[in-house]
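Read the structure below first, then the notes.
The values are calculated or read from the model by the stated rules, or taken from the named source; none is laboratory data. In this text, all values refer to a predicted model and were calculated from it rather than measured experimentally. Positions of Cβ are generated from backbone atoms using ideal geometry, with glycine treated the same way; all protein chains shown enter the neighbour counts.
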Amino acid sequence: MSKLTPVLSANWDQADSFTIDGYKRSGGYTAVAKALAMNPDEVIQLVKDSGLRGRGGAGFPTGSKWGFIPQGDNKDHYFVVNADESEPGTCKDTPLMMANPHVLIEGVIIGSYAIRANYAFIYIRGEVTHVVRRVQQAIEDAYKAGLLGKNILGKGFDLELVLHVGAGAYICGEETALLDSLEGFRGQPRLRPPFPAIAGLYAKPTVVNNVESVASVPAIVNQGVAWFTSMGTEKSKGFTLYSLSGHVNNPGQFEAPLGITLRQLLEISGGVRKGHKLKFWTPGGSSTPIFTDAHLDVPLDYEGVAAAGSMLGTKALQIFDETTCIVRAVLRWTEFYKHESCGKCTPCREGTWWLVQVLKDLEAGKGSEADLDKLLDLCDNIMGRSFCALADGAASPIISSLKYFRQEYLDHLSAGACPFDPMAATLFESAGVK
Amino acid sequence: MAFTTEQISIMDSIIARYPRKRSAIMPLLHYVQSIDGYVTNEGIELIGQKLELATAEVTAVSTFYTQYKSKPVGEYHVGICTNTLCAVMGGDLIFDAVKEHLGIENDGVTSDGKVSVEHIECNAACDYAPVVMVNWEFYDNQTVQSVKDLVDGARAGNPPAPTRGPKTLRSWKQNSAVLAGISDGLANEGVQAGEPTLLGLKKAKGGA
């Protein structure tokens, strides 16, 4: 059995893990001293050599992203953390920032130093008040400790860090929409190129990294490339947070080497809900094509999941057992994408609206088999035809559910209604509470 | 309402955080909600003056984001997650039961102005499903009964504490100030993590 490897989560069981004293007691803020003693290019090379890839969904190598920032260009550079965690099923960055905001701040200082940025932002979603408190307090305490502001640790490096609180828009998790939002506009994605590394915030070279990616950097600086690359698989190095939720006995956060399988995670955690069996699951949030019980042994790394027809995404493993209606699940996700479409691109704005209409009828047992082909046709006209990946995400659960559960759609039509009892899927019946 | 000199100077300090002042529009909108409870016309006009923007530009931003409200919400704004996972596990039942219990619809406010209800999307706490947020504080692992008790307590002026949050639930306006970046000094209250957050660590250490 693959072993769990708590690194980011190692100190979360300390009651004061979120304070600067608690973080320092577990070795916090030692990596920043090491990094600031290095040449910034060496820090970039170190992160490149580690093979760390973005933990926010796309899996782009973090060190390469840093390396794209033009140096000696006499422009301001910006380092931006994407803490707008909103992908359905994804729940790792939020508890990380609640339990240990300082590891994120230490990563921000190191990353900003590496790309020569003197201004950094953490863009956090607005619906998590207590996490906002924790990060804000951590920033204030880091300033007081001389870890932010002028001449950090006496090394001549200056950094201002601002916490920017969003206001309820999933699309702002898309990096260019995030930048528009941070500039004070409606959060709508930009056409690329130019990429943020060339023209990002205020049209200046900008790095945008996910919380978990940035928070992984201090451990890499402290313990080295060989340690980090000893975990994971050939092209997916290191450890990561897997978030297990849904119809399982024990949901939660599990930090493990990349490449662990769902079967192993279920064995470690305590399995699917008692008396039930796995029906379908998402490997990385609702935007990644669903898997079934045929995929229990797929290595959960970037390549393994892609080879099996989905994406590792945010490693949000949402587990649904046989009591769950696939059409209801997919309709609800589709309603989410319709609501969160920013409206900029016509295929996404109009297409998600039509998808909801067709799926609503199907869930109610209305319509005909031709509607299933209509769904696929709509998806075909939405995917890859918009500025950002939201529309691709909207198509994923529909296409994959029709691939694995087409008959269940048809069963709705022959029954003239949804054949499932929604009560059976809730936690209330088995728990005896309502 | 009219803004005080002190409030206007706080707005100036918010603007001063940013290299370019337009970036302050979102915290300023949160701040207006902390004073007026929602985004008022007066608030939009003042933000426009401060940032040298037309009121239409400020309104365009305000209406894009669902957390900015164009009309008053309750002192306790209850968000019930009905995205797929929470919905399936009980969020749909909770949402229907609470609307019926309070006699209001989605986005409605009780006649005493104490409680409003909104169905929300995934709030990044799926390992604590079904999830309910009040003034954007976490209420984890909810049931129909627990949320009925929650809203009854809120209407009586005595809401239970959040599961992972400060010892006492603060009002919508008070929490809006936190979202504007104004500290209320409560960061150290509450747990560092709930049980599901710690489960992997516990298992790694050989625990049950």
Original post:
Tell me, which residue of region B:124-135 that is at the interface with chain A (Cβ under 7 Å from one of its Cβ atoms) and within 19 Å of residue B:109 (Cα to Cα) is surrounded by the fewest Cβ atoms within 10 Å (Cβ to Cβ)?
Top reply: B:133
Original post:
So is residue A:224 part of a loop (DSSP other than H, G, I, E, B) and either in contact (Cβ under 8 Å) with a residue 12 or more places away in the chain or not β-branched (Val, Ile, Thr) (or both) or not?
Top reply: no
Original post:
For residue A:212, which of the numbered conditions (1) within 14 Å of chain B (Cβ to nearest Cβ); (2) within 26 Å of residue A:401 (Cα to Cα); (3) not β-branched (Val, Ile, Thr); (4) not in a strand (DSSP E or B) fails to hold?
Top reply: (2)
Original post:
Pick from A:102, A:77: which is within 14 Å of chain B (Cβ to nearest Cβ), modelled with pLDDT of 95 or more and crowded, with 24+ Cβ neighbours inside 10 Å?
Top reply: A:102
Original post:
Among A:94, A:176, A:129, which is the only one that is in contact with a Phe, Trp or Tyr (Cβ under 7 Å, 6 or more places away or on another chain) and hydroxyl-bearing (Ser, Thr, Tyr)?
Top reply: A:129
Original post:
Counting only residues that are under 24 Å from the mean Cα position of the chain (by Cα) and outside any loop (DSSP other than H, G, I, E, B), which one in region A:339-369 is surrounded by the most Cβ atoms within 10 Å (Cβ to Cβ)?
Top reply: A:348
**OP:** Go over the candidates B:183, B:176 one by one and state the one that is surrounded by fewer than 17 Cβ atoms within 10 Å (Cβ to Cβ), at the interface with chain A (Cβ under 10 Å from one of its Cβ atoms) and closer than 27 Å to residue A:96 by Cβ.
**Re:** B:183
**OP:** Please specify each residue of region A:298-337 satisfying the condition of being among the hydrophobic types (A, V, I, L, M, F, W, C), surrounded by fewer than 24 Cβ atoms within 10 Å (Cβ to Cβ) and over 20 Å from residue A:375 (Cβ atoms).
**Re:** A:298, A:306, A:307, A:308, A:311
Original post:
What number of residues within region A:41-62 are outside any loop (DSSP other than H, G, I, E, B) and touching a strand residue (DSSP E or B) at 6+ places or on another chain (Cβ under 9 Å)?
Top reply: 6
**OP:** Filter region A:418-428 down to the residues that are surrounded by 12 or more Cβ atoms within 10 Å (Cβ to Cβ) and in a loop (DSSP other than H, G, I, E, B), then identify the one that is farthest from the other protein chains (Cβ to nearest Cβ).
**Re:** A:419
**OP:** Select, from A:236, A:286, the only residue that is on the phi < 0 side of the Ramachandran plot, within 11 Å of chain B (Cβ to nearest Cβ) and crowded, with 21+ Cβ neighbours inside 10 Å.
**Re:** A:286
Subject >> Scope region A:111-126; condition without any contact (Cβ under 8 Å) to a residue 60 or more places away in the chain, aliphatic (A, V, I, L, M) and either within 10 Å of chain B (Cβ to nearest Cβ) or part of a loop (DSSP other than H, G, I, E, B) (or both); matching residues >> reply: A:124
Subject >> Those helices (runs of 4 or more DSSP H) lying entirely in region B:1-87 with at least 2 residues more than 19 Å from residue A:170 (Cα to Cα) and either at pLDDT below 95 or within 18 Å of the chain's Cα centre (by Cα) (or both) >> reply: B:25-36
Subject >> Matching entry among A:147, A:178, A:159 (being modelled with pLDDT of 95 or more and touching a Leu at 6+ places or on another chain (Cβ under 6 Å)) >> reply: A:159
Original post:
Quick one: residue A:38 ticks every box in (1) without any contact (Cβ under 8 Å) to a residue 60 or more places away in the chain; (2) of a type outside the set (S, T, N, Q); (3) assigned to a loop (DSSP other than H, G, I, E, B); (4) under 30 Å from residue A:390 (Cβ atoms) bar one, so which box is it?
Top reply: (4)
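Residues are listed down the side, and each one gets a yes or a no for (1) within 28 Å of residue A:7 (Cα to Cα); (2) outside any loop (DSSP other than H, G, I, E, B):
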position	(1), (2)
A:264	yes, yes
A:275	no, no
A:279	no, yes
A:287	yes, no
A:299	yes, no
A:305	yes, yes
Subject >> Flag if residue A:108 is touching a residue at least 24 places away in the same chain (Cβ under 8 Å), aliphatic (A, V, I, L, M) and under 24 Å from residue A:254 (Cβ atoms) >> reply: no
**OP:** Could you list all residues from region B:189-200 that are without any contact (Cβ under 8 Å) to a residue 12 or more places away in the chain and more than 7 Å from chain A (Cβ to nearest Cβ)?
**Re:** B:195
**OP:** Output the number of residues of region A:143-161 satisfying the condition of being touching a residue at least 24 places away in the same chain (Cβ under 8 Å) and either assigned to a helix (DSSP H, G or I) or over 24 Å from residue A:21 (Cβ atoms) (or both).
**Re:** 1
Subject >> Residue satisfying condition, being within 14 Å of chain B (Cβ to nearest Cβ) and under 25 Å from residue A:230 (Cβ atoms), within set A:13, A:49, A:21 >> reply: A:13
**OP:** Residue by residue through region B:99-123, note down the ones that are surrounded by 22 or more Cβ atoms within 10 Å (Cβ to Cβ) and assigned to a helix (DSSP H, G or I).
**Re:** B:102
Original post:
Just checking, which of A:89, A:59 is more than 14 Å from chain B (Cβ to nearest Cβ), of a type outside the set (Asp, Glu) and either closer than 30 Å to residue A:169 by Cβ or in contact (Cβ under 8 Å) with a residue 60 or more places away in the chain (or both)?
Top reply: A:59
Subject >> Hey, residue B:167 touching a helix residue (DSSP H, G or I) at 6+ places or on another chain (Cβ under 7 Å) and either without any contact (Cβ under 8 Å) to a residue 60 or more places away in the chain or surrounded by 21 or more Cβ atoms within 10 Å (Cβ to Cβ) (or both) or not >> reply: no
Original post:
List the pairs whose first member sits in region A:391-413 and is touching a residue at least 12 places away in the same chain (Cβ under 8 Å) and surrounded by 18 or more Cβ atoms within 10 Å (Cβ to Cβ), whose second member is among the polar types (S, T, N, Q) and part of a helix (DSSP H, G or I), and whose Cβ atoms are under 6 Å apart, counting only residues at least 6 apart or on separate chains?
Top reply: A:394/A:352
Subject >> Residues of region B:159-208 classified as in a helix (DSSP H, G or I) and of a type in the set (Gly, Ala, Ser), total >> reply: 4
Subject >> Some residue of region A:164-175 being closer than 25 Å to residue A:287 by Cα, out of contact with any helix residue (DSSP H, G or I) (no Cβ under 9 Å at 6 or more places or on another chain) and surrounded by fewer than 22 Cβ atoms within 10 Å (Cβ to Cβ) >> reply: yes
